[in-house]
Amino acid sequence: MTTPLRSESTDSPSARSRLVTPAQAWYAVAILTIANVSGFVDRQILNLLVRPIKRDLHVTDTEVSLLMGLSFVVFYSLLGLPIGRWIDRGHRPRIVALGAAVWSIMTMLTGTARSYAHLFIARIGVGAGEATLGPAAVSIIAEQFPRKTLGVAMSTYMMGTFLGSGVAYALSAFVVGRVDKPGLVHLPIVGDVFPWQLVFFYVGLPGLLVALLALTIREPRASGTRVLRDEVSARVPFADVWRYMRANARTIGALSFGFACSASVNYGVGAWLASFLIRTHEFTEVRAGLLIGVLTATLGPLGVVLGGRLTDALSKRGYIDAPLRVGMLGGLGMLIFAGLYPLVPSAIFAAALLVPVNIFAAMPWGAANAAIAEAMPPRMRGQGSAVYQLVVNLMAGVLGPTAVALLTDKVFRDPLALRYSLSLSAVVGMTLAIALLAWGRPAFRVTVQRLRDTGTDEADNAA
């Protein structure tokens, strides 16, 4: 059993968070947000290169979906568990810096891939590097902000997801017209590569600067009192984390699987939206990328900040389950608008419906990180966040893009039926997300209230 710690109050930061100033805390959020942008650019850049990848590597929609999902998320998710344990006791900014260096180098190695297998392995490496960021960011931010502003802080960090995706699409749109050509180009040292692979060098190199910036984040543990340093250095066995999660299984399960269903729809839309616009409405890659990039980079941050502010406003009014309420609202909006936009006959109408899609898709994610941070005792947040992200990313990254592709390839058996695959997956996924979050609300309230009341790491009774 671990030594009990006082939990954060609802009005003031924890003891450790007082070791950093508000300016230092927001600086950490800014750097982590930049890192999130970089990671998502490297992750999403593949999505607008479907046509040249299929042409040059002779692969199907399903095989491309495995590059978007399975290759990335398996190691991203599984490595999160040991990394979460490392985060709970290590120097978190250095961990983020190492991860940023790894995912950037592996992105550039993607540009050297000469076969589908080589491309698949390089994508695994990108996922392995990015596995450091999520659990570390949740741990750092949750430790440095009081509950009343945690939603906004988490939402600011999550803006990087949508800014990164938007930048990836816009950059791809700008570059793809210049590199989408048959044949090979010769690079010094690297050798011959397909023209579209040049994109991976353009987006990978800036991540090395992000790695250096991460080292400038202040780690409170390094300058804390001896008592606080001893508390952190004491190992929290994963058996204790697992025991806590089993005792609060309904809370953790509803959060993990509910937000995983929501994320699956987002991943599916992100992976195939450009292809949908190209196949159904005869967009060029450049036009599709610019539309998606602008919408994602502008409306995504708006949606995630709106979700964070709504979470904080509901929390101040006494709603303990505020993050889940926001998650359900986002799910309802996506069920309606993401289910509808693929089916309308007009390209203009579809583009107009993508405005609420982007807002509602982004809305839950600051709330989601705030929810898992609130549901886990402070010393278990790294490992607890890693388990949560294991479920969310494994389900969403594999199921999201691949479910859409399988419906297109195996059920409808027509590339032009992609629109129906997108609509069906959105309706089913968001219905499940809303149902799971609604089921988890009573248990979540019990778990969080128990942590506030007892201030211990051991909420032993099942929620």
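Return the total of residues in the stretch 22-72 being at pLDDT below 75 and open to solvent by less than 10 Å² (accessible area, probe 1.4 Å). Of the residues in the stretch 22-72, 5 are at pLDDT below 75 and open to solvent by less than 10 Å² (accessible area, probe 1.4 Å). The residue list Leu340, Leu332 contains one member that is modelled with pLDDT of 95 or more and under 21 Å from the mean Cα position of the chain (by Cα), which is Leu332.
Just to be sure before I move on: is Trp103 open to solvent by 10 Å² or more (accessible area, probe 1.4 Å), within 22 Å of the chain's Cα centre (by Cα) and hydrophobic (A, V, I, L, M, F, W, C) in the structure I sent? So Trp103 does not fit the description; no. Listed by first and then second residue, the pairs with beta-carbon distance under 6 Å, at least 6 apart or on different chains, first residue in the stretch 394-411 and more than 14 Å from Ser423 (Cα to Cα) and modelled with pLDDT under 90, second open to solvent by 50 Å² or more (accessible area, probe 1.4 Å) and part of a helix (DSSP H, G or I), are Val398/Leu70. Scanning the stretch 241-260 turns up at least one residue that is within 20 Å of Ala405 (Cα to Cα) and assigned to a helix (DSSP H, G or I). Quick check, is Leu390 touching a helix residue (DSSP H, G or I) at 6+ places or on another chain (Cβ under 6 Å) and either open to solvent by less than 10 Å² (accessible area, probe 1.4 Å) or under 30 Å from Phe283 (Cβ atoms) (or both)? The answer is no for Leu390. If you go through the stretch 342-370 and keep only what is touching a residue at least 24 places away in the same chain (Cβ under 8 Å) and either among the hydroxyl-bearing types (Ser, Thr, Tyr) or under 16 Å from Glu143 (Cβ atoms) (or both), you end up with Asn369, Ala370. The listed residues are Leu306, Leu314, and the only one of them that is without any contact (Cβ under 8 Å) to a residue 24 or more places away in the chain, assigned to a helix (DSSP H, G or I) and not aromatic (Phe, Trp, Tyr) turns out to be Leu314.
Of all residues in the stretch 413-430, those satisfying the criterion of being open to solvent by 70 Å² or more (accessible area, probe 1.4 Å) and modelled with pLDDT of 90 or more are Tyr420, Leu424, Val428. Among the residues making up the stretch 124-160, those that are among the hydroxyl-bearing types (Ser, Thr, Tyr) and within 16 Å of Gly39 (Cβ to Cβ) are Thr132, Thr156, Tyr157. Among the candidates Leu98, Leu81, the residue that is closer than 25 Å to Gly382 by Cβ, under 17 Å from the mean Cα position of the chain (by Cα) and hydrophobic (A, V, I, L, M, F, W, C) is uniquely Leu81. Do we find a residue being under 27 Å from Ile292 (Cα atoms), touching a residue at least 40 places away in the same chain (Cβ under 8 Å), in contact with a Phe, Trp or Tyr (Cβ under 7 Å, 6 or more places away or on another chain) and in a helix (DSSP H, G or I) anywhere in the stretch 83-95? No, there is no match, as no residue in the stretch 83-95 is under 27 Å from Ile292 (Cα atoms), touching a residue at least 40 places away in the same chain (Cβ under 8 Å), in contact with a Phe, Trp or Tyr (Cβ under 7 Å, 6 or more places away or on another chain) and in a helix (DSSP H, G or I).
Could you check, for the stretch 167-178, whether at least one of its residues is modelled with pLDDT of 75 or more, over 21 Å from the mean Cα position of the chain (by Cα) and either on the phi < 0 side of the Ramachandran plot or open to solvent by 10 Å² or more (accessible area, probe 1.4 Å) (or both)? No, because not a single residue in the stretch 167-178 is modelled with pLDDT of 75 or more, over 21 Å from the mean Cα position of the chain (by Cα) and either on the phi < 0 side of the Ramachandran plot or open to solvent by 10 Å² or more (accessible area, probe 1.4 Å) (or both).
One line per residue, one yes/no per condition, for (1) open to solvent by 30 Å² or more (accessible area, probe 1.4 Å); (2) in a loop (DSSP other than H, G, I, E, B); (3) at pLDDT 85 or above:
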{"site": "Met108", "(1), (2), (3)": "yes, no, yes"}
{"site": "Ala113", "(1), (2), (3)": "no, yes, no"}
{"site": "Ala122", "(1), (2), (3)": "no, no, yes"}
{"site": "Ala137", "(1), (2), (3)": "no, no, yes"}
{"site": "Ile140", "(1), (2), (3)": "no, no, yes"}
{"site": "Lys148", "(1), (2), (3)": "yes, no, no"}
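Test of understanding: among Arg85, Arg89, which residue is surrounded by fewer than 18 Cβ atoms within 10 Å (Cβ to Cβ) and at pLDDT below 80? Testing whether each residue is surrounded by fewer than 18 Cβ atoms within 10 Å (Cβ to Cβ) and at pLDDT below 80 leaves just Arg89.
Of the numbered criteria (1) without any contact (Cβ under 8 Å) to a residue 60 or more places away in the chain; (2) in contact with a Lys or Arg (Cβ under 9 Å, 6 or more places away or on another chain), the one Leu46 fails is (1). Checked against the criterion of being open to solvent by less than 50 Å² (accessible area, probe 1.4 Å), modelled with pLDDT under 90 and in a helix (DSSP H, G or I), the candidates Ala288, Ala222 yield just one match: Ala288. Taking the stretch 317-347 as the range and being assigned to a helix (DSSP H, G or I) and small (Gly, Ala, Ser) as the test, the residues that pass are Ala322, Gly327, Gly330, Gly331, Gly333, Ala338, Gly339, Ala347. Scanning the stretch 49-79 for residues that are of a type in the set (D, E, K, R) and either over 10 Å from Pro401 (Cβ atoms) or free of Cβ contacts under 8 Å to residues at least 12 places away in the same chain (or both) returns Arg51, Lys54, Arg55, Asp56, Glu63. Pairs meeting the criteria (first residue in the stretch 19-39 and closer than 15 Å to Ser155 by Cβ, second residue part of a helix (DSSP H, G or I) and open to solvent by 60 Å² or more (accessible area, probe 1.4 Å), beta carbons under 7 Å, at least 6 apart or on different chains) are Val37/Val167.
The values are calculated or read from the model by the stated rules, or taken from the named source; none is laboratory data. Predicted model, so just to flag it, every value in this text is computed and none were measured. So basically every Cβ, Gly included, is an ideal-geometry build from the backbone, and we count neighbours across all protein chains shown. These accessible areas exclude ligands, DNA and RNA; they are computed on the full protein's heavy atoms, side chains included. Shrake-Rupley method; radii C 1.70, N 1.55, O 1.52, S 1.80 Å.
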